[in-house]
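Report on the structure given below.
The values are calculated or read from the model by the stated rules, or taken from the named source; none is laboratory data. The shown structure was predicted, so the numbers you read here are calculated from the model rather than taken from an experiment. Every residue, glycine as well, gets a Cβ built from its backbone with ideal geometry; the counts of neighbours run over all protein chains shown.
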Amino acid sequence: MEYKHIPVMLNEVLKYLDPKEGEYFIDCTLGGGSYTIAIAKKIKSKGKILSIDLDDIAIKNAKSKIKNAKLDNVILVQDNFKNLKNIIKEKWQNNLTKKFNGIVFDLGLSSAQLDDIDRGFSFKSDSPLNMSFGQSSKFENCNTEYIINKWKLNDLRKIFYEYGEEKFSNRIANEIIKKRKVKEIKTTWQLVEIIKNAVPQWYQHKKIHFATKIFQALRIATNDELQNLKKVLPTAIDLLESKGKIVIISYHSLEDRIVKQFFKKESIDCLCPPEIPVCRCNHKRKIKIINKKIIIPTEEEIKNNQRARSAKMRIAEKI
Ligand SMILES: C[S@@+](CC[C@H](N)C(=O)[O-])C[C@H]1O[C@@H](n2cnc3c(N)ncnc32)[C@H](O)[C@@H]1O
């Protein structure tokens with residue numbers, strides 16, 4: 001199967017990471033491999049890039065692209081980036097005598113995953129409810145069918161509200177509980193029908209499809225996306241060389257908020273409350289924020305790739 005994904009803000013990623021011959025990089029979200037391959041070409045064979053993805057289809061596709069491009073400086077790892085510390089221990093031969101010049105995250109899912117009718121990310125087709133980034137069970141945190149059929153009312157309500165910002169969370173969660181007592185909920189269209197029954201008529205005719213927010217919430221919960229991000233950020237900063245850059249592209253406000261708050265915290269020296277006159281926390285800043293204002297794609301890019309419209313880029317530099 002052809003792996004279709006148009007890279008988002010590739011020029012900006014290259015501009016800020018500025019890869020040079022012989023340097024070392026990590027691409028934590030390989031996807032279609034466009035960032036990895038562009039960086040690998042610039043660092044040439046003296047440099048190295050470690051590229052991670054949970055998805056075995058992404059890994060297989062990248063293997064063949066790397067072979068076709070005759071690149072010998074890419075290390076592919078199928079794993080969750082939250083395990084970055086261990087991945088480095090196990091797969092990075094240089095074992096940190098030299099740290100990394102740049103690390104990039106392009107969060108969320110790829111167009112290839114969204115369009116894959118067997119994956120259950122989209123309600124455009126009737127698919128089994130499994131929104132896991134990695135199909136292999138050894139990487140699965142949880143699966144969507146389990147969440148829908150087994151989680152308690154309050155937990156469903158919470159993820160719909162917090163991860164989906166869905167105003168009808170309560171009604172939808174209640175409807176799911178009612179329907180699953182009669183019959184297990186196994187497919188995307190079964191779920192869409194339940195959501196439709198739970199929301200008012202006017203909500204069904206809005207520009208954004210009425211199931212969108214619930215599907216987003218379930219994807220985030222299934223893959224534990226926010227916790228993975230929180231876990232990996234401190235490791236990523238520690239792995240950078242002085243002046244090394246971390247570039248993060250996120251696609252919804254929950255992720256962007258995590259990045260923003262983390263960058264803010266790590267870019268100041270003391271975290272003590274203002275009423276404490278002498279610092280007791282001894283927190284030392286590790287990074288400098290490069291862009292105070294988020295960077296977004298150009299209008300031209302959005303015109304050519306609708307997926308790019310919600311992208312937000314933040315960059316920091318290790319001190
Ligand atoms: C938006 S795509 C990346 C696209 C890539 N930059 C490109 O240009 O082709 C995000 C990728 O990250 C992967 N991913 C998301 N969360 C992950 C995690 N915690 N660990 C490893 N891979 C993850 C997804 O499987 C997906 O392939």
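Would you please name the residue that is farthest from Ala112 (Cα to Cα), looking only at residues in the range 1-21 that are of a type in the set (A, V, I, L, M, F, W, C) and at pLDDT 95 or above? Talk me through it step by step, then tell me what you get.
Restricting attention to the range 1-21, the residues satisfying the condition of being of a type in the set (A, V, I, L, M, F, W, C) are 1, 6, 8-10, 13-14, 17.
The next check asks that each one be at pLDDT 95 or above; those that pass are 6, 8-10, 13-14, 17.
Values: Ile6: 9, Val8: 14, Met9: 17, Leu10: 17, Val13: 21, Leu14: 23, Leu17: 25 Å.
Result: Leu17.
Entry remark, the range 220-235: residues being away from the ligand (no atom under 12 Å from the Cβ) and either under 23 Å from Lys150 (Cβ atoms) or touching a residue at least 60 places away in the same chain (Cβ under 8 Å) (or both) number 2 in total. Can you spot a residue in the range 200-219 that is at pLDDT below 95 and within 13 Å of the ligand (Cβ to nearest atom)? No, that holds for no residue. Scanning the range 56-88 for residues that are touching a Ser or Thr at 6+ places or on another chain (Cβ under 8 Å) and within 12 Å of the ligand (Cβ to nearest atom), we see that the one that is modelled with the lowest pLDDT is Asp56.
Based on what the data block shows, is Gly102 surrounded by fewer than 22 Cβ atoms within 10 Å (Cβ to Cβ) and modelled with pLDDT of 95 or more?
Working: surrounded by fewer than 22 Cβ atoms within 10 Å (Cβ to Cβ): no; modelled with pLDDT of 95 or more: yes.
In short, no.
Note on the range 67-81: residues that are assigned to a helix (DSSP H, G or I) and surrounded by fewer than 20 Cβ atoms within 10 Å (Cβ to Cβ) total 2.
Considering only the range 152-198, state which residues are in contact with a helix residue (DSSP H, G or I) (Cβ under 7 Å, 6 or more places away or on another chain) and of a type in the set (Val, Ile, Thr). Once the filter is applied, which keeps residues that are in contact with a helix residue (DSSP H, G or I) (Cβ under 7 Å, 6 or more places away or on another chain) and of a type in the set (Val, Ile, Thr), the range 152-198 yields Ile159, Ile172, Ile176, Ile177, Ile185, Ile194, Ile195. In the range 114-136, the residues that are over 17 Å from Asn223 (Cβ atoms) reach residues that are among the aliphatic types (A, V, I, L, M) and crowded, with 16+ Cβ neighbours inside 10 Å with C-beta atoms within less than 8 angstrom, at least six apart or across chains, in these pairs: Phe123/Leu191; Phe123/Val192; Phe123/Ala211. Number of residues in the range 260-319 that are touching a Leu at 6+ places or on another chain (Cβ under 7 Å) and closer than 16 Å to Ile103 by Cβ: the value is 2. The number of residues in the range 17-33 being surrounded by fewer than 20 Cβ atoms within 10 Å (Cβ to Cβ) and more than 17 Å from Trp92 (Cα to Cα) comes to 3. When the range 11-41 is examined, which residues are found to be within 8 Å of the ligand (Cβ to nearest atom) and acidic (Asp, Glu)? The answer is Asp27, and nothing else.
Residue under question is Asn61, and the condition is that it be surrounded by 15 or more Cβ atoms within 10 Å (Cβ to Cβ), in contact with a Gly (Cβ under 9 Å, 6 or more places away or on another chain) and not in a loop (DSSP other than H, G, I, E, B); does it hold?
Working: surrounded by 15 or more Cβ atoms within 10 Å (Cβ to Cβ): yes; in contact with a Gly (Cβ under 9 Å, 6 or more places away or on another chain): yes; not in a loop (DSSP other than H, G, I, E, B): yes.
Criteria met by Asn61.
If the condition is being of a type in the set (Val, Ile, Thr) and modelled with pLDDT under 95, then the range 221-254 contributes only Thr222. From the residues in the range 89-116 that are within 18 Å of the chain's Cα centre (by Cα) and in a loop (DSSP other than H, G, I, E, B), which one is farthest from the ligand (Cβ to nearest atom)? For the range 89-116, the residue satisfying everything is Asp116.
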